[in-house]
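Everything on this sheet refers to the single structure shown next.
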Amino acid sequence: DVVMTQTPPSLSVAIGQSVSISCKSSQSLVYSDGKTYLHWLLQSPGRSPKRLIYQVSNLGSGVPDRFSGTGSQKDFTLKISRVEAEDLGVYYCAQTTHFPPTFGSGTKLEIK
Amino acid sequence: QVKLQQSGAELVKPGASVKLSCKTSGYTFSTSYMSWFKQIPGQSIEWIGMIYAGDGGTGYNQKFKGKATLTVDTSSSTAYMDLSSLTTEDSAVYFCARYYGGPWDFDYWGQGVMVTVSS
């Protein structure tokens, strides 16, 4: 299975700061169709995961443009500009290029 | 709007089975994929498997073969997951999520259901 490694495991940031979360995969996530099926999700406390970004850089419906995703091959980054209180929770990267789909271990974002 | 409503929390005895449901609305269920996940509180998310509602075709994570069985009822737009021969290691929150073709990601999630296996 593809191993997804997220860093850091946790972050503590003040409102208005920017943060970046890294996600590295054990194999290239470029599929035979040329597309990269790397996604980001947020699980707020006590809630189910919510789609943030799909295919590296595409914002999910209703997701504010403070969120952005970049990367290629095996190295990906989620950036949150101007963190707000509602952004707290655990961020996961996930890949659906290879079977079975796999998730990173998560990055817990706390607000100072 | 798209909604996935899961059944309520379960307390089951070791060795027993449990059937979880995920009732959908707001989209065409019969031509969609549904995935199921396991999350032990405080841990990451594991993909269990998926089912195509159009023909009932399934794909499973090798780790969950023999443990989970996925089915659908297109007349009620509901997906089901049977978990068998439960042990304490099966105690977890289980989620369903639509597996959306095109982006091939999980765009809408159920609220999750806690399954506790205890004697």
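Here the condition is being away from every other protein chain (no Cβ under 13 Å) and touching a residue at least 40 places away in the same chain (Cβ under 8 Å); of A:Ser68, A:Ser20, it holds for A:Ser20 alone. For region B:76-99, does any single residue satisfy the condition of being at pLDDT below 95, closer than 19 Å to A:Leu38 by Cα and within 11 Å of another protein chain (Cβ to nearest Cβ)? Within region B:76-99, one or more residues are at pLDDT below 95, closer than 19 Å to A:Leu38 by Cα and within 11 Å of another protein chain (Cβ to nearest Cβ). When residues in region A:1-44 are screened for being over 22 Å from B:Tyr60 (Cα atoms) and acidic (Asp, Glu), 1 of them pass.
To keep it simple, each residue is scored yes or no on (1) within 14 Å of chain B (Cβ to nearest Cβ); (2) in contact with a Pro (Cβ under 6 Å, 6 or more places away or on another chain); (3) surrounded by 22 or more Cβ atoms within 10 Å (Cβ to Cβ); (4) in a helix (DSSP H, G or I).
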| position | (1), (2), (3), (4) |
| --- | --- |
| A:Ser28 | no, no, no, no |
| A:Ser32 | yes, no, no, no |
| A:Trp40 | yes, no, yes, no |
| A:Val63 | yes, no, no, no |
| A:Val83 | no, no, no, no |
| A:Lys108 | yes, no, no, no |
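Of the strands (runs of 3 or more DSSP E) lying entirely inside region B:12-72, those containing at least 3 residues that are under 14 Å from the mean Cα position of the chain (by Cα) and surrounded by fewer than 19 Cβ atoms within 10 Å (Cβ to Cβ) span B:18-25. Can you tell me which residue in region A:91-106 is nearest to the other protein chains (Cβ to nearest Cβ), limited to those that are closer than 13 Å to B:Gln39 by Cα and part of a strand (DSSP E or B)? Ranking the qualifying residues of region A:91-106, first place goes to A:Phe103. Residue count for region B:84-96 under the criterion of being crowded, with 21+ Cβ neighbours inside 10 Å and within 14 Å of B:Ser7 (Cα to Cα): the result is 3. Taking every residue in region B:104-119 that is of a type in the set (Asp, Glu) and pairing it with any residue that is surrounded by 15 or more Cβ atoms within 10 Å (Cβ to Cβ) and modelled with pLDDT under 95, at least 6 positions away or on another chain, the pairs with Cβ-Cβ distances below 8 Å are B:Asp105/B:Tyr99; B:Asp107/B:Tyr100. Residue count for region A:1-28, restricted to those that are among the hydrophobic types (A, V, I, L, M, F, W, C) and under 29 Å from B:Ala92 (Cα atoms): 6.
When the residues of region B:60-103 are filtered to those that are among the small types (Gly, Ala, Ser), free of Cβ contacts under 8 Å to residues at least 60 places away in the same chain and out of contact with any Leu (no Cβ under 9 Å at 6 or more places or on another chain), the one that is farthest from B:Met34 (Cα to Cα) is B:Ser91. Within this structure, A:Lys24 fails the test of being charged (D, E, K, R), under 14 Å from A:Gly89 (Cβ atoms) and in contact with a Ser or Thr (Cβ under 9 Å, 6 or more places away or on another chain).
The values are calculated or read from the model by the stated rules, or taken from the named source; none is laboratory data. Note that the structure is a prediction, hence the values are computed from the model and not measured. Note: ideal-geometry Cβ built from the backbone for every residue, glycine included; neighbour counts use all protein chains shown.
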